[in-house]
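Report on the following structure.
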Amino acid sequence: MFKKLLTTAMAAAFTVAGQANAAEDPVKIGFSISKTGIFAQGAASQMTVYELWRDQIKARGGLDVGGKKRPIKLVWYDDESNPSKVAPIYEKLITDDKVDLLLAPWGTPMHLSVAPVAEKYKFPIVGNTAASVALRQVSPGYIWFPTSMFPDSIASEMAKMLKQQGIKSAAVIANVLPFAQENQKFLIPALEKAGIAVKINEKYPPNISDMTPLLTKVKQANVDAVIVLSYPADSFLYMKQSKEIGISAGFQFLLVGPSIPVFRKAFGDFANGIVTMGHWSPLQKKWWPRAKEFTEAYSKKFNMPPDYLDSALAYMSLEILEQAVAKAGLDKEKLRQVIATDTFETINGPVKFTGVENKLLPTGFLQIQKGDLQIVWPEGMATSKFMKR
Amino acid sequence: MDAFLSGQLLFSALVIGSVYALIGLGLNLVYGTMRLLNIAHGDLMMLGAYTSFWLLSLVGLSPILSLLIAALGASAIGAAAYFGLFRRQIEISGPVEKLEANSLLLFFGLSVVVQNLAALAFTASPRAVPYLDQVFRVGEISMTANRLLTLGVALALCAATVIFLRANIYGLAIKALIQNRDAAKIVGVKVERVQLLSFMLGFGLAGLAGVLLSMTEQISPFMGFPFTIAAFVVIITGGLGNLTGGIIAGFLLGFIEIYGVVLTSQNARSIILYGVFVAILLLRPQGLLGGRRVVR
């Protein structure tokens, strides 16, 4: 009796397994993400995009792998915002989980630590949310960066824009974290070269809880432009305290923060006129319908607009990967070849890599106007004119 | 140097100082009466801040009303912690050094549990309560309403606590317990009841401080720890268990923080603050006003 039961059960099990095989194995796509720790807030706008894309692929009947549609499965681990955990996670994804494709982690340090893994296993990865001149030192081959936010070009473009606005003096205050420091290093000489007097040039710690002393100095310097090289938490602090102290410079720039939807929601009308870095806005009609569709799908799924910087970059990396896989299939070497040489259509216009960089996209600036983010620089892709705050 | 004389800085120093004084006061009440080192003090503030955030965003309740609700809620947690964890601990720990060490570990555990439960329940995303953010200008000083409210409420609470300790029978009993536990017992102070009261008062003040901070700071499950450290610096500087000393030390540290930064740079904040702290401890190890108290 027992034997008979066992045989039946085994037969049943084999049938189920056989059916699963017939229904096509999913394409396994792996990545690590900062689900907890200090980067969790920033990384959220990337994770949401990955989830949106997974749903979109499912709705389209699967991922086009060299002409054949296959289901996908996301495999991910939390890197706890610790860059040293990223490389082991990607090694595990490649050797243990045996994933077919890899997506990028969040942030510059994570990208830098994943680059050697990509090279070691000859596994192509399209990066997204990284921005540093250090990326140019990454040996080209298996990783690419679609962003145009390199601090040296941010500095030179900023100097050009300020000069055009007739700005004569500036105050620069910077967080001591790496990306802000890199920007400060390039910005000060660029401003001075453009004939803009830098009256205040200071740094502050990341855990700053009161900016009053710093902002009091800035107010007394009475400058035309206030440039705050900030991260999200201190961007919020600047907004609250500059309101109290009454900083009225016509040009006010915050590095990271204003592109996060919560920022505009928190400050309402008072946020109007704030400038930040960025190269994408759904308001630029020349990137429609892709950009519009993405924004609408994202807003519908998550009940808030996407982050115009990180969410856009994350989605671009997925568009590039999807188009490359449709052409080359899952063979790593063919895939690498296609990503390195083809031109891709994205929500931010065409992307083509030269080495690790996407040189088709210019460095730009966004400004909050009437509650939305408009591209105000460079003129070629601007959606609105810069307005004094 | 112009910046140094600005009234703006004076206002800022007073606001920071009053917050330090308030959180120090809550911690000092629990330490002074029972020798319990409440390392979870900042986490109770965090709970107060979330109370204010959720009540405002879900039912539109003003943080001013949340002050009362958070204070009552935190006091209830205080009572629960007293009966559940610490009453027995105080009885069985024997020498005071052992009680201090045990309480430190217990509160540390409580802190970890509370932080992580909050992270699970509320997620780690920082939140903010945009409330009372209109700006008043008096002469050259401009003040955001919520910071002005923080200053007013914190000052009033410090004053009320000091008056309570001097004028009310239970307040006097708390002071008696701080001064000499055994003598207080002998003269008929109901130690149990006074301990419970201190617990509730200390925790309640932390909850209140959390609501005040919710209007000016970003709220996250891990926001409490820096304030716990600040509170310890304040009460050690003022003299452990010396409530007036703690209040003075809170304001002193607020002024040192703001004016020290103006004279040097924002990056020097921690160096100046902790430099002064270490210097005070070297010169007066018992703290500014400590030492007159007879330790049991």
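Laboratory data are not the source of any read-out in this text; all were calculated from the coordinates shown. Quick caveat: nothing in here was measured; it's all calculated off a predicted structure. All Cβ positions, even for glycine, are placed from backbone atoms using ideal geometry, and neighbour counts span all protein chains on display.
Shown is the FRET efficiency for B:LEU148 and B:LEU65, computed with R0 = 22 Å from the Cβ-Cβ distance and rounded to the nearest 0.05: 0.75. Could you give the size of the charge dipole of segment B:2-283 about its Cα centre, using +1 on the Cβ of each K and R and -1 on the Cβ of each D and E, expressed in debye and rounded to the nearest 20? Magnitude of the dipole: close to 620 debye.
Normalised by the number of residues in segment B:143-210, the average gap of Cα pairs under 8 Å and 6 or more apart makes the relative contact order 21 percent.
If I build a Gaussian network model for chain A, linking alpha-carbon pairs within less than 10 angstrom, which residue out of A:LYS28, A:LYS168, A:LYS120 has the largest mean-square fluctuation? Taking springs between Cα atoms under 10 Å, the residue moving most is A:LYS120.
Label zone (B:ALA121, point 7 Å along Cα-to-C-beta; backbone nitrogen cut-off 15 Å) within segment B:26-56: B:43-56. 3J(HN,Hα) along segment A:29-34, derived from phi through the Karplus expression 6.51 cos²θ - 1.76 cosθ + 1.60 where θ = phi - 60°, amounts to 10, x, 6, 10, 8, 7 Hz, with x in place of Gly and Pro.
Given their separation in residues at 0.36 nm each and the Cα-Cα distance between them, B:ALA80 and B:THR264 gain 61.6 nm when the chain is fully extended.
In the frame of its principal axes, the protein assembly as shown has Cα extents of 92, 90, 45 Å, reported largest first. Between amide H atoms placed 1.01 Å from N, distances below 5 Å from A:GLY66 occur with A:ALA326, A:LYS327, A:ALA328, A:GLY329, all of them 5 or more places distant or on a separate chain.
How far, in nm, would the chain grow between B:ASN180 and B:GLU97 when pulled straight, counting 0.36 nm per residue and subtracting the alpha carbon separation? Don't skip to the end; give the middle numbers.
Values: separation 83, 0.36 × 83 = 29.88 nm, distance 1.58 nm.
Gain on stretching B:ASN180 to B:GLU97: 28.3 nm.
Placing unit charges on the Cβ atoms only, positive for Lys and Arg and negative for Asp and Glu, gives the protein assembly as shown a dipole magnitude near 660 debye about its Cα centre. Semi-axes of the equivalent ellipsoid of segment A:254-358 are 31, 15, 12 Å, computed as sqrt(5λ) over the eigenvalues of the C-alpha gyration tensor in descending order.
Rank B:LEU212, B:LEU165, B:GLY260 by how far each Cα sits towards the positive end of the charge dipole of segment B:153-278 (+1 on Lys, Arg Cβ; -1 on Asp, Glu Cβ) and give me just the farthest. Checking the options against the dipole of segment B:153-278, the answer is B:LEU165.
Computed across chain A, the Kirkwood radius stands at 22.3 Å (inverse of mean 1/r, all Cα pairs). Mean separation of Cα pairs under 8 Å and 6 or more residues apart, divided by the residue count, gives chain A a relative contact order of 17 percent.
Mind checking the mean number of beta-carbon atoms from other chains within 10 Å of the Cβ atoms in B:4-12?
For this peptide, the per-residue mean of nearby foreign Cβ atoms is 4.
Placing R0 at 60 angstrom, the Cβ-Cβ distance between A:ASP78 and B:VAL135 gives a FRET efficiency of 0.90 after rounding to 0.05. In the distance distribution for chain B, Cα-Cα pairs more than 37 Å apart total 13 percent.
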